[in-house]
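The block underneath contains the structure these notes are about, expressed in structure tokens.
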Amino acid sequence: MGFTVSNQQQLLSKMATGNGHGENSPYFDGWKAYDSDPFHPTKNPNGVIQMGLAENELCFDLIEEWVLKNPEASICTAAGVNEFKDIAIFQDYHGLPEFRNAVANFMGKTRGNQVTFDPDRIVMSGGATGAHEMIAFCLADPGDAFLVPVPYYPGFDRDLGWRTGVQLIPVACESSNSFKVTKAALEAAYEKAQKDNIRVKGLLITNPSNPLGTVLDRETLRSLVTFINEKKIHLVSDEIYAATVFSQPSFISIAEIIEEDIECDRNLVHIVYSLSKDMGFPGFRVGIVYSYNDEVVNCARKMSSFGLVSTQTQHLIASMLSDNEFVDRFIAQSAQRLKARHMRFTMGLEQVGTSCLKSNGGLFVWMDLHKLLKEQTFEAEMALWRTIIHEVKLNVSPGSSFHCPEPGWFRVCFANMDDKTMEIALKRIRTFVQQDKEAVVPRKKNRFCQNNLRLSFKSRRMDDIMMSPCMMSPQSPLVRAMT
């Protein structure tokens, strides 16, 4: 006798059968579209090009060159096998001392050596995902909330809230001032939470921003520190894109701000970092919590037992990041290549009058397609997104999945592909935009692929998408803008 959905729900926990992961968000739907029909230059030239994944693949030649020159860095080579036993049996959740020292040094270098980091405050986790959940567990109880300026990374809803029961309350930011967070918007979100009897435990910022690719200036960072100090709430600064800044203005870490002449309780300040974006190592699952609060460090270190970085990975990373000559060269080359790729991509978009928010960091652009919407609504944005996914065959991420309060914005990743694939993606975008402008052929009959492939697809209802846990919190002051 088979089990029905109802039977399964009775057998499993509410968490297991709920929607807390947010997998039904259009952000993840785009990945599924790519997985079912991935582009390949020869095997599947008409497939979906992945532009929804923020990976940094522009400097793997430098990594591979270093690995070949340093075989002893891996315990799985003849040159490194003598250390196999010691590394294989190491299980201290503090982590290898040489690993923490190397990461602390690297964090300083990616911040222009303007600040130093204490290796004893570095706590490991399974990527930034694990780091965010860990810090949420340490700082908040179920039902508590963090303020988060919009637009923000869709995975935050899962990372900070799924298993912790923590809420995320969007802070209104608008395109009229390039989505900069203001003191007034912070106060409004905080006061709204107070009226709704929601206890705000912290403010979460992403600097450089995902999805905007912008950096927070010194004045804004100082105002954020002042705000959390006045409210006696925590400040969590996600800085996983620190080394992706490729031009001025330079990146300023929150660690640098609290060293200045400013009133600040350091016990309220915490940094989330990883090597997934700056080094291009998402598969290594190297996440870091760096806290100025001793109790948080102690608690997080105990919790890290649930998501440690393998000692084999620690050993390799420690060797690589301890090579200062290599690190300096990698950081410089990465910035140069990201700048060139960003320039080429944005110039290609400008050729057909498509603009992006001005940015100088990250692995993506925040593309403005509001002129292509049939009407200025989120329903129209989703319709346009489905066309781009299923007909233009590009996986880009709609702004609504990032809780953007304005329709028509899309995050487009440009660093996870080679030059030829990027040019094909640009050609598809230009063809689509130009055809839309000319309006000669109905969009449903557009041709973007080499073989004039005809496609049909089923679309999810907008109501279903808006009910996704990756969309706005019911308490959000922006919900009315989304309905």
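Observations on the model:
- Residues of the stretch 22-53 classified as farther than 30 Å from F246 by Cα and assigned to a loop (DSSP other than H, G, I, E, B), total: 10
- Of residues in the stretch 227-262 being farther than 19 Å from K201 by Cα and exposed (fewer than 15 other Cβ atoms within 10 Å of the Cβ), the one modelled with the lowest pLDDT: D261
- Scanning the stretch 84-131 for residues that are open to solvent by 40 Å² or more (accessible area, probe 1.4 Å) and β-branched (V, I, T) turns up I89, T116, T129.
- Consider the stretch 301-318 and keep the residues that are touching a Ser or Thr at 6+ places or on another chain (Cβ under 7 Å) and in a helix (DSSP H, G or I). The one that is most open to solvent (accessible area, probe 1.4 Å) is L316.
Rundown of residues vs (1) open to solvent by 20 Å² or more (accessible area, probe 1.4 Å); (2) in a helix (DSSP H, G or I), yes/no style:
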{"position": "V297", "(1), (2)": "no, yes"}
{"position": "M320", "(1), (2)": "no, yes"}
{"position": "K339", "(1), (2)": "yes, yes"}
{"position": "F345", "(1), (2)": "no, yes"}
{"position": "G361", "(1), (2)": "no, no"}
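- Some residue of the stretch 150-163 being open to solvent by 10 Å² or more (accessible area, probe 1.4 Å), at pLDDT below 95 and not in a helix (DSSP H, G or I): yes
- Number of positions in the stretch 24-44 that are of a type in the set (S, T, N, Q) and in contact with a helix residue (DSSP H, G or I) (Cβ under 6 Å, 6 or more places away or on another chain): 1
- Scan of the stretch 369-379 for residues that are open to solvent by less than 30 Å² (accessible area, probe 1.4 Å) and either closer than 29 Å to P45 by Cβ or outside any helix (DSSP H, G or I) (or both), ordered by number: L369, L372, L373
- Selection over the stretch 380-420 of residues that are open to solvent by less than 20 Å² (accessible area, probe 1.4 Å) and assigned to a helix (DSSP H, G or I) gives a count of 13.
- When residues in the stretch 54-76 are screened for being farther than 21 Å from F414 by Cβ and in a helix (DSSP H, G or I), 9 of them pass.
- Residue in the stretch 32-44 that is surrounded by 15 or more Cβ atoms within 10 Å (Cβ to Cβ), more than 21 Å from I331 (Cα to Cα), out of contact with any Pro (no Cβ under 7 Å at 6 or more places or on another chain) and without any contact (Cβ under 8 Å) to a residue 40 or more places away in the chain present: no
- Criterion: among the polar types (S, T, N, Q) and either in contact with an Asp or Glu (Cβ under 7 Å, 6 or more places away or on another chain) or assigned by the TED database to the domain that holds R344 (or both) - qualifying residue of N46, N101, N19: N46
- Total residues in the stretch 45-73, condition open to solvent by less than 40 Å² (accessible area, probe 1.4 Å) and either in contact with a helix residue (DSSP H, G or I) (Cβ under 6 Å, 6 or more places away or on another chain) or not small (G, A, S) (or both): 15
- Within the option set V181, V166, V150, being in the same structural domain as F137 (by the TED database), of a type in the set (A, V, I, L, M), closer than 21 Å to A128 by Cβ and free of Cβ contacts under 8 Å to residues at least 40 places away in the same chain holds for one residue only, V166.
The values are calculated or read from the model by the stated rules, or taken from the named source; none is laboratory data. All of these numbers come straight from a predicted model, not from anything done at the bench. With ideal geometry, Cβ positions are generated from the backbone for all residues, glycine too; neighbour counts draw on all protein chains shown. Side chains are part of the model used for accessible areas, which takes the heavy atoms of the whole protein and leaves out ligands, DNA and RNA. Shrake-Rupley method; radii C 1.70, N 1.55, O 1.52, S 1.80 Å.
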